[in-house]
2 protein chains.
Amino acid sequence: MLESKHIDFLKDIVGEDNCFFDKAHKIAYCYDATKERYEPDCVVFPRSEEDISSILRYCNENAIAVVPRGSGSGFTGGSLPSSGGVILAFEKHLNKIKEIDIKNLVAVVEPGVINMDLQKAVEEVGLFYPPDPASQDYSTIGGNVSENAGGMRATKYGITKDFVMALRAVLPNGEIIKSGKRTIKDVAGFNTTGILVGSEGSLAVISEITLKLLPKPKYTKTAMGIFPSIESAMNAVYKTIASGITPVAMEFLDNLTIRAVESKYKKGLPTDAGAILICDVDGSLIEDVEYQLKAVEEKFLENGASEFKKANSESEAKDIWFSRRNASQSITIYGSKKLNEDITVPRSKLPELLEEIAKVSKKYDLKIPCFGHTGDGNVHTNVMVEGGSKEQLEIGHKAIEEIFQIAINLGGTLSGEHGIGLSKAPFMKLAFSEAEMELFRSIKRAFDPNNILNPGKMGL
Amino acid sequence: MLESKHIDFLKDIVGEDNCFFDKAHKIAYCYDATKERYEPDCVVFPRSEEDISSILRYCNENAIAVVPRGSGSGFTGGSLPSSGGVILAFEKHLNKIKEIDIKNLVAVVEPGVINMDLQKAVEEVGLFYPPDPASQDYSTIGGNVSENAGGMRATKYGITKDFVMALRAVLPNGEIIKSGKRTIKDVAGFNTTGILVGSEGSLAVISEITLKLLPKPKYTKTAMGIFPSIESAMNAVYKTIASGITPVAMEFLDNLTIRAVESKYKKGLPTDAGAILICDVDGSLIEDVEYQLKAVEEKFLENGASEFKKANSESEAKDIWFSRRNASQSITIYGSKKLNEDITVPRSKLPELLEEIAKVSKKYDLKIPCFGHTGDGNVHTNVMVEGGSKEQLEIGHKAIEEIFQIAINLGGTLSGEHGIGLSKAPFMKLAFSEAEMELFRSIKRAFDPNNILNPGKMGL
């Protein structure tokens, strides 16, 4: 609980209208996509970088936890105030696109800007911001940077970190720092930008983000391949990319997911298929796009696709994407609770990964529908359980732990896009040695010696 | 001076054949491209990661400085043992390409591998490693990663940091850590890879590097534009790129540089031109490459180019590149000592930057030929002085300091590719606030509390 003198001080900084400690606000800011609940002591809407600085300086001196929060759409509890304290919320004031610099292909934004709003704004001037997490309609750029968000287009374009050129941020002691420049090359000083991206709000509060933009490709084409088995589809994925074609997206659905979507939406999907692959290619020259599509078709057929379907219009492309876009919500037919993980392995290990997951499914007698971004080795693995039963949930968690271990043994990671936060913190020991964890703790202390920023996250 | 017990211990670790403290070795390892000289106390060639670990653990306990060294080709003294101590040299043992993984488009190398050897090895299997610093024939990947090396192809492909997927490294306490994965997506734990790249060997000793590779583009085309003025050329650079074309390289030579090359080599260069731009475009479809070249031609002519020349063969391309490749050595006609800086500004600021540099040249009555990687805003600025005269050198340094300040005022950086090391350390205060410097020192302490790794670099 915050003492009343602290609340008075915070109100003094940001004004009565931007500082709340009533029950309604505490409830409104206690959740994220994990469905865990932790009420903050106070919700503050900073109006400026200077506000953030004053708040942090005060909280640092008084050992009050501060948790920066975008839209609360995270899957691992990164923005949950698990130790209470102050929620710093950016949606009210720090939500502006400050500049779209078409001369240098750069955008400068405040942390509360919604990803899709930025995408639309830059596309209006012929530019392109590729990172497109599934939450793009509501997640913020500040949250995307803090969790190093991925998305569908990572295969070709990379993830959030590949687009962050520079940051302004406030350290826990209230000092404002800049890192990086509006230039491709900048090698002066340590790469602070590099360590802040993906640091889950635990090192500094990001107050401004400078992003690299690309020219908007003029054409995108969509195609779908139907495969008899998971293995044939996974081979097609990595062999296509190794052949020199880099699709924008290469998404897959396994048989369980196909059947779930079909049972819900009756779209005429092939319910006996082992897997579907959905692929986008793009470019600014139609000949180039057609060439890529032809190469994908060849690789799909070489690797056992029974059918290859090209979209001839935007509405056909939308139809092809329908099954993927509705995968997540459809699989709930297999259980009321979904333990949704986002493990990632080197692409060539995908066949083995999915074979091993099938064994785990059999062992625990649990349905584990899988779909996701196979173009970059990132598989959304959904262990479905009946949420009401504590026993079932425990079995589900055991299965998840085994799957993490399998991914790590294959050279993969605990998390491709969701981060660690609270949910994956117990599994950090599977992935990191004690020396590595101690280094993380040292880095944390270097930025935040009093441990006020988003404490308790990442297993630190 | 190292005590003899220390030397005995180091010999015990790596063997007599890999540990030297004779004068010849000290001299052989006392230099880099800055021409500053600092003799180490000892030169050690570790045979393995375990050797590095044993050496660091011992030196850490005994407060002995350790300086990792690739080929000593750096321009800012990053590998100079300015506090004495042990040189860790990688050219003898840790110089192997461990794996080229064509399935996942990844290479795994030891730090002592020469950049060009890696480029050739991956090109043999149809792959491509883009970072190509001018030192590519002799600089090492370990050095490239430590200085975050750039090169000619950065405009399209980015710099070293954009290709480092994972590292193994040894901390000063001897602990071996891994960071990153052989995957595009990995958001578990802090991005240690991000902070190690460009850290100039001052945080940890990198023992293994996993690099992203690309499919090798099938076609490259070269063209040259001749411009009446610097300003018209600089406008052509940023307007070409802002129009949606991303050339591989977009290099420029100013009038002083053109005249220097011509006076030395008599190639028929236009000595009255304000600037030359040299441009490479590439792709895997010839139509795409032709389309890019056409677009470059249009933009060059729109922005005042008096001539646009396309290379019709590899030998014509080589001819076009000749002036750029020989720029650095030719400009010595303007003075025996070259104060060579690599400032970088946002591309749209290039016209202003070069205008301001011309004023500095006039003010100090010094020739300042400029050339470089304008596609990414990176200009090699060469203040030419008579090296014998201390007075001239002082004036040169004053001019340099003014140029740094101009670049920073334009939103640029002290260093686009060379790093800070010793040479640029005095200028850190121009670019960074005291809070930022203190953060750098905190990060340094988090990794290296006893300050044994490459002490005194970066102005820390």
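Side notes on the structure shown:
- Förster radius 22 Å - calculated FRET efficiency between B:Ser4 and B:Ile27, Cβ distance, rounded to 0.05: 0.60
- Here chain A carries DSSP beta bridges of which approximately 90% are antiparallel, counting only pairs with both residues inside.
- Nearest 10 degrees, 0 to 90: helix B:230-242 Cα axis against chain B principal axis: 70
- Neighbourhood net charge (13 Å Cβ-Cβ; Lys/Arg +1, Asp/Glu -1) for B:Asn451: +3
- Its relative contact order, with pairs defined as Cα atoms under 8 Å and 6+ residues apart, puts chain B at 15 percent.
- Interchain or long-range residues, amide H under 5 Å from A:Gly283's placed H: A:Lys218, A:Tyr219
- Cα gyration tensor, segment B:146-292 - rounded (a/c under 1.5), prolate or oblate: prolate
- Segment A:177-233 and segment A:408-455 have Cα centres lying 20 Å from one another.
- B:Ile206 long-range amide H proximity, modeled H, under 5 Å: B:Val170
- Helix A:390-409 vs. chain A, principal-axis angle (Cα, 0 to 90°, nearest 10): 80
- Normalising the average separation of contacting C-alpha pairs (under 8 angstrom, six or more residues apart) by the number of residues puts the relative contact order of segment A:105-215 at 36 percent.
- Across all C-alpha atoms in segment B:205-283, the radius of gyration and Dmax reach 16.8, 50 Å.
- Dimensions in Å of segment A:105-215 - Rg and Dmax from alpha carbons: 13.2, 41
- About the Cα centre, charge dipole magnitude for chain A (Lys/Arg +1, Asp/Glu -1 at Cβ), debye: 220
- When the alpha carbon gyration tensor of chain B is reduced to an equivalent ellipsoid, the three semi-axes, largest first, read 38, 27, 20 Å.
- Fewest-first ordering of A:Ile408, B:Ile245 by other beta carbons within 10 Å of each residue's beta carbon gives A:Ile408, B:Ile245.
- Across the identical copies, how the B:Ser4 labels are spaced - nm, sorted shortest first, 7 Å along Cα→Cβ: 7.7
- Taking the Cα centre of the protein assembly as shown as reference, the dipole from Cβ charges on Lys and Arg (+1) and Asp and Glu (-1) amounts to some 360 debye.
- Hull volume in cubic angstrom per residue (convex hull over the Cα atoms of segment B:6-49): 85
- Summed over qualifying helices (DSSP H, 4 residues or more, each -39500 (n - 2.57)) and divided by its residue number, chain B shows a 222 nm mean residue ellipticity of -10500 deg cm²/dmol.
- Full-extension gain in nm, A:Glu61 to A:Glu391, via 0.36 nm per residue minus C-alpha separation: 114.4 nm
- Beta bridges per DSSP with both ends in the protein assembly as shown, % antiparallel, nearest 5: 90
- In degrees, nearest ten, helix B:286-302 long axis to first principal axis of chain B (Cα): 60
- Mean-position separation - Cα centroids, segment B:357-387 and segment A:344-371, in angstrom: 59
- Added length on full extension, which subtracts the Cα-Cα distance from 0.36 nm per residue, A:Glu316 to A:Glu355: 10.8 nm
- Isotropic mean projected area of the C-alpha convex hull, segment B:309-460 (nm²): 12.0
- With a cut-off of 11 Å between beta carbons, the residues surrounding A:Leu460 carry a summed charge of +1, where Lys and Arg count +1 and Asp and Glu -1.
- Low-density loop cleavage sites - chymotrypsin sites (Phe, Trp or Tyr not before Pro) in segment B:116-224, where at most 16 other Cβ are within 10 Å (DSSP): B:Tyr138
- Segment A:221-363 shape via C-alpha gyration tensor axes, a/c threshold 1.5: oblate
- Annotation for A:Asp365, label-to-label distances across the other copies: 9.5 nm (shortest first, one decimal, point 7 Å from Cα along Cα→Cβ).
- Between the listed residues A:Ser313, A:Pro455, A:Pro130, the Cα displaced farthest toward the positive end of the dipole of chain A, a dipole computed from Cβ unit charges relative to the Cα centre, is found at A:Ser313.
- Span from the segment B:29-99 Cα centroid across to the segment A:90-154 one, whole angstrom: 43
- By average C-beta atoms within 10 angstrom, highest first, the peptides A:392-398, A:293-299: A:293-299, A:392-398
- The Kirkwood hydrodynamic radius of segment A:311-398, based on inverse pair distances between different Cα atoms, is 14.2 Å.
- Nonlocal amide H pairs with A:Leu127, under 5 Å, H built at 1.01 Å: A:Lys216
- Label points for B:Ser336 are taken 7 Å from Cα along Cα→Cβ. From this copy to the others they lie 8.8 nm apart, shortest first.
- Where rotation carries A onto B, the chain A residue whose Cβ is nearest that axis, in whole Å: A:Gly194, 1
- Across all Cα pairs in segment A:1-151, the calculated P(r) in 10 Å bins from zero up to the longest distance comes to 11, 39, 32, 15, 3, 0 percent per bin.
- With a simple spin-label model that places each label point 7 Å from the Cα along the Cα-to-Cβ direction, the separation between A:Lys218 and A:Lys398 comes to 5.9 nm.
- Geometric extent, Cα atoms of the protein assembly as shown - Rg, Dmax (angstrom): 27.8, 85
Every number here is computed from the coordinates shown, using simple stated rules; none is lab data. Keep in mind that what you see is a predicted model, and the values were worked out from it rather than measured. All Cβ positions, even for glycine, are placed from backbone atoms using ideal geometry, and neighbour counts span all protein chains on display.
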